[in-house]
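The values are calculated or read from the model by the stated rules, or taken from the named source; none is laboratory data. Since we're looking at a predicted model, the values are computed, not measured. Please note: Cβ atoms are built from the backbone with ideal geometry, for glycine as well, and neighbour counts cover all protein chains shown. Just the protein is used for accessible areas: all its heavy atoms, side chains included, with ligands, DNA and RNA removed. Shrake-Rupley method; radii C 1.70, N 1.55, O 1.52, S 1.80 Å.
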Amino acid sequence: MRKAAYMVATTVVAGLVLSGCGGGDDEKTDSKPSGANTAAKQQSPSSGPSAERTMIERAAGSWKSIVKASDSSLETLTIADGKVTAKGPKLDCTGALKDGQKAGKEAPTLTLSCKGGDDGGRGVGTVKMKDDDKLAIDWAGPEGGYGGLVESFRKVGG
């Protein structure tokens, strides 16, 4: 009896697997081609291809540092229309983001002026982006030195 029940269950399962559980392509009611949703998403202004927008346009918005804050670090960065504000535990900075090129690639420069404490060797930095939600600033550091610190941010808004 047990063997017969096992054979029936196995046959039913095998039949369902082979038939695709009755959900064949002929029962689909979606009239859109499979690529229609993808094309619609790519045409929305907020998700447009990065190659069509400049790095300054992609950098616009609010950013938060990915490292733990110290007295001389920046916690937040806000970029709008090329104007920049940055804040840290003891720093209040303003500046500008301008177009630039480095080794034939787009590399905008960020110039900051900070109040409230040691600015950590900031002043002029090169902005780099990975995707549209990761931003890094490679600060030039003191003149005659080997370069300054690098700060990394994640996009948190706009």
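Observations on the structure shown:
- Members of segment 95-141 found to be open to solvent by 40 Å² or more (accessible area, probe 1.4 Å), touching a residue at least 60 places away in the same chain (Cβ under 8 Å) and either over 25 Å from Gly158 (Cβ atoms) or in a strand (DSSP E or B) (or both), listed by number: none
- Matching residues, segment 58-94, being of a type in the set (Asp, Glu) and surrounded by fewer than 17 Cβ atoms within 10 Å (Cβ to Cβ): Asp71, Asp81, Asp92
- Taking every residue in segment 51-64 that is over 13 Å from Arg154 (Cα atoms) and assigned to a helix (DSSP H, G or I) and pairing it with any residue that is open to solvent by less than 30 Å² (accessible area, probe 1.4 Å) and not β-branched (Val, Ile, Thr), at least 6 positions away or on another chain, the pairs with Cβ-Cβ distances below 7 Å are Met55/Pro108; Ile56/Gly82; Ile56/Leu97; Ile56/Pro108.
- Filter result (assigned to a strand (DSSP E or B) and either modelled with pLDDT under 90 or not hydrophobic (A, V, I, L, M, F, W, C) (or both)) within segment 142-158: Glu151, Ser152, Arg154, Lys155, Gly157
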